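The values are calculated or read from the model by the stated rules, or taken from the named source; none is laboratory data. Bear in mind that the values here come from a model prediction, so they are computed numbers and not experimental data. Positions of Cβ are backbone-derived with ideal geometry, glycine not excepted, and every protein chain shown enters the neighbour counts. Accessible surface areas use protein heavy atoms only, side chains included; no ligands, DNA or RNA. Shrake-Rupley method; radii C 1.70, N 1.55, O 1.52, S 1.80 Å.
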Amino acid sequence: MNVHLIRKASVYVAGQAFRKARRNERGEMELRVNRGFRAGSYLALLLGISVLLMQLFMEANAEDAALLWLVGLLSTTLFAFLSVTLTFMKVVVSEQLLYTHRWYGVKMMKLSEITEVGYSRFFGGRFILKSAEKRVYVPVDLVGTVELIEQLQEQLGQELCAQAEVFLQQRKLQLMGLGWKST
């Protein structure tokens with residue numbers, strides 16, 4: 001039973017890139033973190049806040065109270081940062097431009113200027129879009145990432161996107177080994 005649940009959860013988490021991307025009102029592709037992940041981060045934040053509030057009404061000795069406050073504040077701070085990060089993280093792709101939105105700002109890159117599409121395992125995996133002047137990082141597990149790579153292959157050619165394609169094929173094989181059915 002537990003193995004089956006773990007497989008389902010693994011397929012769900014790792015399969016987000018293969019889902020279709022949403023479109024905004026201008027018809028641009030929007031790659032975002034899954035709503036379930038964002039909702040989970042909000043719930044964890046609320047849980048951390050509620051633990052801090054509960055500590056106000058609990059009677060504990062001074063050492064335990066200090067430790068509970070420290071753990072409560074650290075976890076609440078961590079989940080607050082995670083919630084903000086996941087809320088503002090998105091990639092918007094039009095026919096000519098790519099915008100990456102993060103909590104600290106927005107980066108823009110013309111698709112025609114991209115000279116290489118690479119892959120890095122850091123931070124859970126991300127595609128690195130390089131031009132002569134900048135680099136843009138696109139997390140692998142955003143909903144619709146495969147659509148972005150397919151669009152880049154059409155516009156830039158297969159050879160520029162070779163590393164990304166190899167990763168996506170490996171991810172697809174891993175998911176199929178866990179029981180995922182390709183759509």
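For the chain, a crude dipole built from +1 on the beta carbon of Lys and Arg and -1 on the beta carbon of Asp and Glu, taken about the Cα centre, is about 400 debye to the nearest 20.
Largest to smallest in accessible area, the residues LEU82, LEU142, LEU173, LEU97 fall in the order LEU173, LEU82, LEU97, LEU142 (1.4 Å probe, all protein chains included).
Averaged per residue, the stretch 1-108 has 69 square angstrom of accessible surface, using a 1.4 angstrom probe with ligands and nucleic acids left out. Of LEU45, THR87, TYR12, which is farthest on the positive side of the dipole of the chain, counting Cα position, with +1 on Lys and Arg Cβ, -1 on Asp and Glu Cβ, and the Cα centre as origin? Selected residue: TYR12.
On C-alpha positions alone, give me the angle between the axis of helix 35-57 and the longest principal axis of the chain, in degrees, nearest 10. Long axis of 35-57 versus the principal axis of the chain: about 20 degrees. Could you tell me the distance between the Cα centroids of the stretch 49-68 and the stretch 97-123, to the nearest Å? Each part reduced to its Cα centre gives a spacing of 43 Å.
Once you've got the Cα coordinates, tell me which of LYS90/LYS110; LYS110/LYS172; LYS8/LYS107; LYS90/LYS130 are over 26 Å apart. The pairs that break the limit, which is 26 Å between Cα atoms, are LYS110/LYS172; LYS8/LYS107.
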